[in-house]
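What follows is a single structure, written as structure tokens, with notes after it.
The values are calculated or read from the model by the stated rules, or taken from the named source; none is laboratory data. Because the structure is a prediction, the values reported are computed rather than measured. In case anyone asks, the SASA skips ligands and DNA or RNA and just uses the protein heavy atoms, side chains included. Shrake-Rupley method; radii C 1.70, N 1.55, O 1.52, S 1.80 Å.
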Amino acid sequence: TPERGVMTLGDHLDELRRRLMWGLAVPIPIAVLAFGWAEPIRDFLCKPAIEALQSHHLPAQLQVLSPIEPLGTDLKLSLVPALVLGAPWIALQVWKFVEPGLYAHERRFVHLLVPMSAVLPVCGMLLLTFLIMPMMLQVLVGMGSEEPVRLPITAPGEQAPALPDLPILAAPPASAQPGQMWLTPDRRLQVAIPGDDGSHEVLGVPLLQGGRLAQQFRLREYLDFTLDFALGITVAFQTPLVVLLLGWLGVLTPD
């Protein structure tokens, strides 16, 4: 470089190794801390799917098909905030690696690029979470849903068939007896059963619409689907900075 002289290949390798170690110094602690908050992060990412299923009167649950699947998803989810929050730090280390090969006026680019590299991915995540994913899931779930069976309402004075009626309760009754059943406003059938300690437990199942398609999402596959979109959004929102930097360096031209 004009100010520091020529760096040998060994100097470049030493600098690269040092920047790699510094680049991991921030994402790894964030991932460790985020693992303790993996369950709230998982609930936050699953919220658009739950709301889309509820809006189409479908069971608002995600399937887990192996004992280790929740732990595996939590480990993967701990990497998301590490990459998102650690992206500016990683970008700074990349910049520090290439900075010795640039002139003084070119090094001033970092004052604009690093703050923007922190703001743009966050904007992309907000756009994905609060706009793209809810709208997309509403459309996709609606396309895979079928119209429920509609029964005519009994006319006044007409004799209704003699069938047992189940009460619709917003909360379990205070003195439910084993074997009693009721419906909830969110379309679940609940029943009271004897518990091991002498009390009564309440179990419930969602009421499914009769149809050829069953909208049942698996937790791991849904989170992979969501994280793929998050990765794409992050890369897409960093692309303008890459193009801007290459333009400043003269690698790219408007033409």
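Mean sequence separation of contacting Cα pairs (under 8 Å, at least six apart), scaled by the length of the chain, corresponds to a relative contact order of 24 percent. Counting only alpha carbon atoms, the long axis of helix 69-98 and the longest principal axis of the chain meet at about 20°. Helix 133-143 and the long axis of the chain differ in direction by around 40°, with both axes built from C-alpha atoms.
Sorted largest first, the spans of the alpha carbon positions of the chain along the three principal axes are 97, 51, 28 Å. Seen against the Cα atoms of the chain and their longest principal axis, helix 219-248 is set at about 30 degrees. Residues whose amide H falls under 5 Å from that of R218, counting only those 5 or more places apart or on a different chain, are Q63, with hydrogens built in the peptide plane. Looking at the chain, the accessible area is 67 square angstrom per residue; that uses a 1.4 Å probe and ignores ligands, DNA and RNA. With a 1.4 Å probe and all protein chains left in place, how much of the accessible area of the chain comes from carbon and sulfur atoms, in whole percent? Carbon plus sulfur share of accessible area: 68 percent.
The sum of -39500 (n - 2.57) across all DSSP H runs of n ≥ 4, divided by the residue count of the chain, sets its helix-only mean residue ellipticity at 222 nm to -18000 deg cm²/dmol.
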